[in-house]
Amino acid sequence: MMRYTYFLFFEIFLLSFSAFSQTVENWKLTSEQKEFELKIYLREIKDSPIKEVKSIAVINGAPRSVFHVVTDYPHLTEYMPYLKENRVLKSLDHHYVIYQYLDFPLVDDRDYVIDVEHIINEKDNVYGTRWQSNHNQGPKELDGVIRLKVNRGSWELHPFENGRKTHAVY
């Protein structure tokens with residue numbers, strides 16, 4: 001169930017490749033899936049054709065367990081659709097440089113390099129990640145593959161129902 005829920009969030013991620021923000025101004029609810037306690041919001045980015053996407057859900061599983069699923073970089077290609085390649089290029093403490101290659105049906109493949117920071121607060125059972133594009137590392141651009149220049153976002157994982165579930169914001 002947890003990996004399927006992560007799959008749903010990943011689908012949203014693939015649609016967005018946007019800049020994520022914590023503010024709630026101008027967000028419009030665009031989709032709600034009560035079965036998964038999932039709400040998806042969109043908003044315009046000034047002077048940009050890109051729209052921000054924010055999703056909020058309750059996931060069956062403790063925040064630490066959910067965190068381990070979303071940061072299981074060596075195994076993401078085993079259960080993430082369209083993720084053809086996932087490489088950790090650099091790792092130091094809670095900071096990572098990651099290359100990902102996405103093989104989509106019907107549209108051109110995409111790839112990108114991101115800097116990822118892990119946020120871990122075991123005392124309060126709060127976990128998360130933040131990432132942004134990294135244009136200085138990774139393989140050179142491939143012919144026929146669109147290199148994403150903007151990729152910024154985060155996961156926030158907070159305890160819900162006494163820590164048995166996770167309130168997740170992506």
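Only the coordinates and a few stated rules stand behind these numbers; no lab work does. These numbers come from a predicted model, not from an experiment. Here Cβ is always computed from backbone atoms with ideal geometry, including for glycine, and neighbour counts include all displayed protein chains.
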When the helices in the chain are scored as -39500 (n - 2.57) per DSSP H run of 4 or longer and the sum is shared across all residues, what 222 nm value do you end up with, to the nearest 500 deg cm²/dmol? -4500 deg cm²/dmol
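How much FRET efficiency would the formula 1/(1 + (r/R0)^6) give for VAL58 and THR30, where r is the Cβ-Cβ distance and R0 is 30 Å, rounded to 0.05?
0.95
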Pseudo-spin-label distance VAL88 to SER65, built 7 Å along Cα→Cβ, given in nm, is 2.2 nm
Of the lysine pairs in the chain, how many meet both conditions: Cα atoms under 23 Å apart, and a spacing of 8 or more in sequence or different chains? 20
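Return the inverse of the average 1/r over all pairs of distinct C-alpha atoms in segment 103-170, which is the Kirkwood hydrodynamic radius, in Å to one decimal.
Details: mean 1/r = 0.0700 Å⁻¹.
When all Cα pairs of segment 103-170 are included, the Kirkwood radius is 14.3 Å.
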Share antiparallel - DSSP beta bridges, segment 48-170, percent rounded to 5: 95 percent
Pull up all non-local amide H partners of MET80: gap of 5 or more, or a different chain, and H-to-H distance under 5 Å with H placed in the peptide plane. none
